[in-house]
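Trainee: First, the structure itself, so that you have it in front of you.
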Amino acid sequence: MKRYILLVMAFLWCGYAIGQSQGFMEVYRQAGQVLKEGDAGITTTEVSGKMLQELLPSKAKESFHVVNRIDNIRQIKFATSSGKELYNRIDSLAVNGGIYEQMSIINVDGQRVSVYKAPYGTLKSEYLILISKDDAALVCDIVGNISMKDIMGLLYGKQ
């Protein structure tokens with residue numbers, strides 16, 4: 001899980017972002033509210049595609065690199081079991097909400113990585129990635145002109 005969190009955190013700082021589905025955004029806002037109420041076990045992060053290009057300028061020089069095709073990324077990190085209810089709501093939204101199509105579920109060393117996809121506009125997709133192990137969990141929502149191959153490359157270091 002550490003490898004995945006480090007990968008996602010390398011992309012995520014702060015920035016302007018638009019685009020995620022209404023279901024995800026509702027839970028994202030609730031996580032932000034819980035954070036404002038003082039729950040140190042939840043953190044939210046978002047970054048725009050432009051910020052991502054600034055963070056990875058050598059990759060941004062390659063015109064077809066995935067860095068140039070991501071519109072925005074939003075993340076919720078649950079470091080303790082206190083955020084389990086919100087995490088479960090996102091998981092339920094992905095499985096039962098009728099928005100996302102399940103693309104893969106991988107279990108490795110007690111860690112579960114689930115990837116879901118939803119269409120976004122005409123040429124774009126939204127990917128919802130859920131990573132959990134014990135009480136720690138991470139939810140990452142990525143929108144852009146990206147493919148499942150791009151997502152797997154980001155998760156497993158092929159980019």
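The values are calculated or read from the model by the stated rules, or taken from the named source; none is laboratory data. Quick caveat: nothing in here was measured; it's all calculated off a predicted structure. Cβ placement follows ideal geometry from the backbone for every residue including glycine, while neighbour counts extend to all protein chains displayed. SASA here: full protein model, heavy atoms, side chains in, ligands and nucleic acids out. Shrake-Rupley method; radii C 1.70, N 1.55, O 1.52, S 1.80 Å.
Trainee: Collect the residues in region 69-95 that are modelled with pLDDT under 85, touching a helix residue (DSSP H, G or I) at 6+ places or on another chain (Cβ under 8 Å) and surrounded by 17 or more Cβ atoms within 10 Å (Cβ to Cβ), keeping them in residue-number order.
Mentor: The answer is 72, 74, 75, 76, 77, 78, 83, 86, 90, 93.
Trainee: Within region 131-145, can you find the residues that are in contact with a strand residue (DSSP E or B) (Cβ under 7 Å, 6 or more places away or on another chain) and surrounded by fewer than 21 Cβ atoms within 10 Å (Cβ to Cβ)? Lay out the reasoning, then the answer.
Mentor: Residues of region 131-145 in contact with a strand residue (DSSP E or B) (Cβ under 7 Å, 6 or more places away or on another chain): 131-133, 136-145.
Result: 132, 133, 136, 145.
Trainee: Of everything in region 47-68, what is open to solvent by less than 20 Å² (accessible area, probe 1.4 Å) and part of a helix (DSSP H, G or I)? Give them in sequence order.
Mentor: 49, 52, 66, 67 - these are the residues of region 47-68 that are open to solvent by less than 20 Å² (accessible area, probe 1.4 Å) and part of a helix (DSSP H, G or I).
Trainee: Looking for whichever is over 24 Å from residue 68 (Cα atoms) and surrounded by fewer than 17 Cβ atoms within 10 Å (Cβ to Cβ) here; the options are 98, 121. Which one fits?
Mentor: Details: 121 fails: over 24 Å from residue 68 (Cα atoms).
Going through 98, 121 in turn, just one is over 24 Å from residue 68 (Cα atoms) and surrounded by fewer than 17 Cβ atoms within 10 Å (Cβ to Cβ): 98.
Trainee: Restricting attention to region 107-133, which residues are more than 19 Å from residue 75 (Cβ to Cβ) and of a type outside the set (Gly, Ala, Ser)? Walk me through how you get there before you give the answer.
Mentor: Kept after step one, since they are more than 19 Å from residue 75 (Cβ to Cβ), are these residues of region 107-133: 107-110, 119, 121-123.
Scanning region 107-133 gives 107, 108, 109, 119, 122, 123.
Trainee: What are the residues in region 82-115 that are closer than 18 Å to residue 134 by Cα, in contact (Cβ under 8 Å) with a residue 12 or more places away in the chain and polar (S, T, N, Q), if any?
Mentor: Within region 82-115, 82, 111, 114 qualify.
Trainee: Give region 101-118 a look and list any residue that's open to solvent by 50 Å² or more (accessible area, probe 1.4 Å) and of a type in the set (S, T, N, Q), or say none.
Mentor: 102, 107
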